[in-house]
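One structure is given here, and the rest of the page talks about it.
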Amino acid sequence: MGIDIGSISTKGVIIDEYDNILASCYIYTEGNPIRAAKEVIRNMREEVDTDNYQVVSVGTTGSARKLIGTLLGAETIKNEITAHAIGTLRFYPDVRTIFEIGGQDSKITLVSNGIVTDYAMNTLCAAGTGAFISSLAKRLGVRIEDVASVALSSKNKVNIAARCTVFAESDLIHKIQAGYKKEDILAGVCRAIATNYINNVAKGKKIQAPIVFNGGVSKNAAVVKAFEDITGEKIIVNKNSHLMGAFGIAVMARSSGIEKVFDFDIDNYKLETKIASCGRCANNCEIVTVYKNDNLIDHWGNRCERGNEIKNV
């Protein structure tokens with residue numbers, strides 16, 4: 001089982017020994033990764049045939065990977081770059097470039113002969129991500145599910161400043177007040193997302209085909225078309241592109257060789273986190289403590305060995 005816990009969405013998959021996806025789930029995290037992970041696992045438990053399959057290894061990735069990995073007793077906890085690369089290579093062994101745009105971050109990974117050779121991600125702003133599209137679509141009164149179809153109906157896309165979320169929203173308001181059509185504005189937004197990605201995230205990187213596009217934004221056909229127009233290459237979008245991180249970490253968990261039967265009945269567990277101020281040196285670190293059924297199972301956040309004493313508090 002692989003769980004990808006992001007800031008915007010949480011994804012999960014259960015695979016068999018042949019990489020077939022037996023169950024999957026995609027929901028919004030809504031600021032509560034523990035709740036989201038529980039719901040994903042609960043939904044997959046209902047979907048998978050537990051009479052014939054047993055989960056014996058768990059992996060977690062994403063921004064909350066350590067927290068959820070600790071709570072679930074995951075055998076494998078890895079970053080998204082690695083998880084997406086492993087997952088993508090399972091489907092496309094010849095891939096050279098991986099675009100990935102999620103809820104609040106964007107990444108590019110370069111691959112050569114099945115080995116990751118370079119990567120980069122956005123570091124300063126969430127402009128050009130899923131949250132960016134959602135915010136601007138809401139301004140226009142368009143459902144996020146309809147953005148692509150509305151944008152693709154445009155006959156005259158407009159230019160939108162997308163290097164900064166704040167400036168983009170200001171530019172959007174100006175375009176609305178100037179009387180531009182929604183479809184033309186959204187077409188400009190989708191084009192700006194691709195342009196922003198190429199000029200910032202992928203800056204200085206040698207983009208080579210085959211190019212695979214992962215993440216929730218890959219489901220937006222208007223953004224895919226914008227990337228194709230800019231790169232002059234076919235952009236590959238797998239039907240499970242939004243689940244690729246979860247799929248990749250599931251593959252890694254299985255490959256770890258460590259097997260331990262996973263108990264789906266997590267609703268019986270009391271899972272919570274607390275913040276403890278160390279106070280044992282001038283750093284005064286804030287330490288995250290993780291509890292399962294009121295028992296301390298892990299902690300992190302300390303910058304020196306004195307923080308390890310938190311276990312005794």
- Of M252, V212, S154, farthest towards positive along the dipole that unit charges on Lys, Arg, Asp, Glu beta carbons give segment 154-313: S154
- Task: Report the convex hull volume per residue for segment 52-135, counting only C-alpha atoms, in Å³.
- Result: 145
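Once the Cβ-Cβ distance between R303 and Y28 is put in as r, and R0 is 30 Å, what FRET efficiency do you end up with, to the nearest 0.05?
My answer for the efficiency is 0.35.
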- Length gain on complete extension for the stretch F91 to H174, per 0.36 nm per residue less the alpha carbon to alpha carbon distance? 25.5 nm
- Enumerate by residue number the trypsin sites (Lys or Arg not before Pro) in segment 247-305 meeting two conditions: DSSP loop (anything except H, G, I, E, B), and at most 10 other Cβ atoms within 10 Å of the site's Cβ. K270
- Which three lengths, in whole Å and largest first, does segment 1-94 cover when its Cα atoms are put on their principal axes? 35, 34, 22
- Once label points are set 7 Å from the Cα along Cα→Cβ at both D294 and R35, what is their separation, rounded to one decimal in nm? 2.4
- Spin-label point model (7 Å from Cα, Cβ direction): what's the N113 to E259 distance in nm? 3.4
- Note on the structure: Pairs over 28 Å Cα to Cα, from K205/K225; K78/K260; K11/K260; K38/K260; K107/K181, come to K107/K181
- Message: Under a crude label model (7 Å from the Cα following the beta-carbon direction), how far is N79 from E46 in nanometres?
- Response: 3.7
- Anything in the chain that counts as a DSSP H helix reaching 24 Å or more along its axis (C-alpha) with Kyte-Doolittle mean of at least 1.0? List them, would you? none
- Query: Where does each of 203-209, 56-62, 72-78 land if you order them by average Cβ count within 10 Å, highest first?
  - Reply: 56-62, 72-78, 203-209
- Task: For the chain, report the convex hull volume of the alpha-carbon atoms normalised per residue, in Å³, without decimals.
- Result: 156
- Charge tally in the Cβ shell below 12 Å around S112, where Lys, Arg are +1 and Asp, Glu are -1, S112 excluded: 0
- Query: Hey, got a sec? Which GluC sites (Glu not before Pro) in segment 1-68 land in a DSSP loop and have at most 15 other Cβ atoms within 10 Å?
  - Reply: E17, E30
- In straight Cα distance, which lysines are under 22 Å from K175, not counting same-chain residues fewer than 8 positions off? K138, K155, K157
- Work through the residues other than D267 whose Cβ is under 15 Å from its Cβ and net out their charges, Lys, Arg +1 and Asp, Glu -1. +1
- Tally Lys and Arg at +1 and Asp and Glu at -1 over the other residues with C-beta under 14 Å from the C-beta of G257: what net charge comes out? -1
- Query: Restricting to the chain, what percent of DSSP beta bridges are antiparallel, rounded to 5?
  - Reply: 75
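Where a number appears in this text, it was derived from the coordinates with a stated rule and is not lab data. Fair warning: this is a prediction, and the values are worked out from it, not measured in the lab. Heads up, the Cβs are rebuilt from the backbone with ideal geometry, glycines too, and the neighbour counts pull from every protein chain shown.
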